[in-house]
Amino acid sequence: MSGNVQLAVATSQVRTAEADERIAKALRWPRLDLSANYGVSDQKNGVGLVLGTYTQGLNAGLTLSVPLFDGGRINTQTEAARLRAESAALAEQQARLQVERDVRNAFTTWRSQREVMRIQGDAVTTAKLNFDRTRELFQAGQLTGLQFRQAQLDLANAERQSVVAGFDTKVAELTLLRASGGLLPALRVDDVAR
C-alpha cells in the first residue's frame, strides 16, 4: 500500500486539504503585523543658512487587525475548506479500497495463471511422451503418417500454449507488482534514477 501511486496522490491531497482548512480557520484570529525600517539621509546644500542635514534613524510599527466585518466571507471559506478536506478523505478511503481490490484481483489472477502454466507444462510433458510413443509406432509401421502428423501438431500446440501461459503469467505478475506499488523497486528504477 505504501508504494502505490494512486494512494500516495490521494494521501497528499488529504494533507493539502487539511492544511487549507487550518489556514481558513486561522483567518478568524486577530493578525499582528510588525514592520521595521532603518534609514540614512545626507543632504548637502551650498547656499543658505543650513549648509547640510544628516538624519539617521530606526522606524518601527506594529499593526493589529481584527476581522470584525469579514465574518461571512471567513465562514464561507472555512466551510468550503472543511468540505474539501472531507471530500479528500473520502477520496483517499475510496482509493485505498480500490487499491486493495486491485491487489486482491491481481494476486488471484497471478496465482491462477501460475496454475495454468504448471498445467500447460504437464501437457507439454504428456504431449512429448505421446509423440515419442507415436514416433516409435510409426517407425514400426503400426501408425499412418496422418496419425504421426497429428502427434506432431499436438506437441507443437502444447508447447505454444505453454509459452502463452508463461507470457500471461508474467503479465499477471507485472500487473500485481504495479497494483501493489512494487513495480519500480522490482525493476530497480530507483537505482537508475540516482
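The values are calculated or read from the model by the stated rules, or taken from the named source; none is laboratory data. Keep in mind that this is a model prediction, so the values were computed, not measured. Glycine also receives a Cβ, built like all others from the backbone with ideal geometry; neighbour counts cover every protein chain displayed.
Couple of notes before you dig in:
- Screening Glu79 with (1) out of contact with any Gly (no Cβ under 7 Å at 6 or more places or on another chain); (2) outside any loop (DSSP other than H, G, I, E, B); (3) surrounded by 13 or more Cβ atoms within 10 Å (Cβ to Cβ) gives one miss only, at (3).
- Of the helices (runs of 4 or more DSSP H) entirely within the stretch 106-194, those holding at least 2 residues that are under 27 Å from Ala95 (Cα atoms) and modelled with pLDDT of 90 or more occupy 145-180.
- Extreme residue, farthest from Arg73 (Cα to Cα), among residues of the stretch 24-55 that are at pLDDT 80 or above and β-branched (Val, Ile, Thr): Thr55
- Flag if Asp122 is among the charged types (D, E, K, R) and in contact with a helix residue (DSSP H, G or I) (Cβ under 6 Å, 6 or more places away or on another chain): no
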